[in-house]
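Enquirer: One structure follows; several queries about it will come next.
No lab work stands behind these numbers, since they all come straight from the coordinates. These numbers come from a predicted model, not from an experiment. Here the Cβ positions follow ideal geometry from the backbone for every residue, glycine too, while neighbour counts run over all protein chains shown.
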Amino acid sequence: MIVRVKDLVKRYGELTALDHLNLEIKEGEVFGLLGPNGSGKTTAINCILALLQFEKGEVQIFDQKMTPGSYQIKKDIGVVMQNVAVIPELSVYENIDYFCGLYTSDRATRKAQVEAAIEFVGLNDFVKFRPRKLSGGLLRRLNIACGIAHKPKLIILDEPTVAVDPQSRNNILEGIKKLNKDGATVIYTSHYMEEVELICSRIAIMDKGRVVAQGTKDELKNMIQIGEKIDIELLDRMCDSFEKELLAMPFVVDVLCDKQHIVIKTQQDSNGLNQVLNYFASRNVALGHVFSERPTLNDVFLEITGRELRDGNGNGKVE
Amino acid sequence: MWRIYQYRMKAHFRDWDNLFWGMLFPIILSTFFTMAFSNISSGDYFKTFPVALVIESESMYSDNFEDTLSSVQIGDSELFDVRVFDSVEKADGAMHDEAVDVVFIYGDSLEMRVKNDGMNQTVAKHFADQYVQSEAMYTHLFETNPEAIPTLSSFEFDASNYISDMNQQRGDVDPMLGYYYALIAMACLFGSFAGLKETSFIEANQSSTGARIQVSPVQKSRMYIGGLLSATTLQVFSVSLLLTYMTFVLKVDLGERFPALALATVVGASAGVALGAFVALVSKKNLKVKNAMLTAISMALSFFAGLMAHEIKYLIHEKAPIFSYVNPANLIADAYYALYYYPDYHRYWLNIAILVGLIIVMYSTVIIMARRRSYESI
């Protein structure tokens, strides 16, 4: 086990930020911590890294207890913080060299690592630039390069794509996949479910400092009642006349109706799409577009907590 | 650690805000001082001040001393307003009531009493020292070779000469030096901004770079030593640049005791950096507030050291002497002052020793506070 978090409790006064958190992260995984703002993801990361004191519990990394003085363990960890953590007065190259130098003392090795990191994040044309001259996306890439240049075995990325344009986001996500392919175990926190679905092999969904569900994305989606979401446009009828009938069908979990647009959520393994299409055909309803999809992690979160992942709970201070 | 030091130096020399306030601002201010003080002379600065004289035994020598004391001129007026008392107690009482600044008691030897330190007391002390020295020389000549000198009664002082002689090592005295010393002290204390920056850079609860550093395998102590050493180097350089500018461009005479001046500069700059690190760790406020706090603290301490009005320094010394001994700006300014005005090093070393003590106290607090290895919140 690369990381084991056992019964972790962290409080800020009256507020319980982590409520008996348990996590196990295996070697070679891209482990996603998904949750809305304020769910305790960053607090969990800071406790795992021994930056924050906690009231109860234990953190083990590489099968050793993690403490602030665990320098041997720290040598093999790379961290990309949520906030960009670079030195504004130093150039791109100097920043990466400075932070890489905290791990790698040999000059030749470090030079090779810095150059590889620059290549990896695609900042070759900006090595002499100061951070303030970089766009938000490039700055995020520099932030990542500073965290991973020393080739760590465990990489922790805390919301690395916040406020990043789509192109840079794709580059970052592709980069994380590559780091994992090269052998690093990755812990990735985000409140963007699409990102987590895309890159993570296992996911823990957090809410109010607890893990509310954990598993692969398929395992998570199978945990809930909904198996399929069918989105249909009615061309000549309003949907409310069908709402009650549809809800009465045994395989239908929920129906959302908005004028001529209807979303029907069906149970797992119910072959719902066929049955719904047959239903509308039997009533001579002309259909526009028909779209069917598996439930998202948002649906999983919604069913478990009763709230949307992106609701936000006004509890952002915890992060 | 050397690599950390090198990179931090690079970062300091590229931080224009810090360079302006730490390096350029004191130079600009010293230039304004020179422009403002250019038409003020020694005569304008030294005003007539009251002294008490008690003659314990009348003699030719005592008459001569009284005549000399009364005749010392500064500009067009007398330097001493001499008030003769028939007893030491009455003279002391007058000094206690602040009717006089100094009491001279002329008996078998010349004794001088003061209640407080200050410019007037310093002037009086140097007058007394020089008088005693000259009187001894004349007496010796009178006894051994009376023909060699006319008479002791012709022994006269010229105020401008003896003010010039106050410091036995150089020629002219610049009466405005006190302001320059306070300015140098202020420049030293501006090192607190670099100290604050270094500390904030390292601490995880104060910056995101701090968090990145704390999760690295480098010991905090190494980061602190590398960072604060770079801040001190920068500040020593900044103050040295100011001293060079004042000496060679503004022609301010700071004396010739270069090793002692250099030591005062290093200790002063170190005190400034230590103050910044101390405030950074003791205060829970954010970086902007801490910067504002340090600006206020540096300016206030410099004010009490006489930056805006030199008399403040003496007022503080008189009314709150302990504060003048714990005010690093005052200690720095006074170390330079002592080097210039005093032939011996007693007062200089006292200031340096207290400053070193303050630095030890501040850094001890920093070590205690920084030793915590994880945080309540970030």
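Enquirer: Please quote Rg/Rh for region A:225-294 to two decimal places, taking the Kirkwood radius as Rh and restricting both calculations to Cα atoms.
Expert: 0.92
Enquirer: Too long at a 23 Å Cα-Cα cut-off: which of A:Lys10/A:Lys177; A:Lys229/A:Lys259; A:Lys26/A:Lys65; A:Lys111/B:Lys10; A:Lys6/A:Lys153; A:Lys111/A:Lys153?
Expert: A:Lys10/A:Lys177
Enquirer: Using a cut-off of 12 Å between beta-carbons, work out the net charge of the residues near A:Arg11 (Lys and Arg +1, Asp and Glu -1, A:Arg11 not included).
Expert: So the surrounding residues net to -2.
Enquirer: Output the lone cysteines of the protein assembly as shown: those with no second cysteine's C-beta under 4.7 Å from their C-beta.
Expert: Within the protein assembly as shown, the cysteines lacking a partner Cβ under 4.7 Å are A:Cys47, A:Cys100, A:Cys146, A:Cys200, B:Cys188.
Enquirer: Go from 0 up to the bin containing the longest alpha carbon distance in region B:288-378, width 10 Å each, and give me the % of pairs per bin.
Expert: Pair shares across the bins are 15, 36, 30, 13, 5, 1.
Enquirer: Once the other residues with Cβ under 11 Å from the Cβ of A:Glu89 are scored (Lys, Arg +1; Asp, Glu -1), what is the net sum?
Expert: +3
Enquirer: Wrap a convex hull around the Cα atoms of chain B, take a quarter of its surface area, and give that in square nanometres.
Expert: Reported value for the Cα convex hull: 22.0 nm².
Enquirer: Starting with the fewest neighbours, write out A:Cys257, A:Cys239, B:Cys188, A:Cys100 ranked by other beta-carbon atoms found within 10 Å of each beta-carbon.
Expert: By the 10 Å Cβ count, ascending: A:Cys257, A:Cys239, A:Cys100, B:Cys188.
Enquirer: What are the membrane-span-like helices in chain B by this rule: whole DSSP H runs, Cα extent along the axis at least 24 Å, mean Kyte-Doolittle hydropathy at least 1.0?
Expert: B:258-282, B:287-304, B:346-370
Enquirer: For region A:85-217, what does the alpha-carbon gyration tensor say about shape, rounded, prolate or oblate, given a ≥ b ≥ c as the root eigenvalues, a/c under 1.5 as rounded, and a/b over b/c as prolate?
Expert: It comes out prolate by the Cα gyration axes.
Enquirer: I need two numbers for the protein assembly as shown: Rg to one decimal and Dmax as a whole number, Cα atoms only, in Å.
Expert: Rg, Dmax (Cα atoms, Å): 38.6, 146.
Enquirer: For region A:146-270, divide the Cα radius of gyration by the Kirkwood radius and give the resulting Rg/Rh value with two decimals.
Expert: Result: Rg/Rh = 1.13.
Enquirer: Over all alpha-carbon pairs in chain A, figure out the percentage whose distance exceeds 38 Å.
Expert: 27 percent
Enquirer: Which of A:Phe126, A:Phe280, A:Phe251 moves the most in a Gaussian network model of chain A with Cα springs under 10 Å?
Expert: A:Phe280
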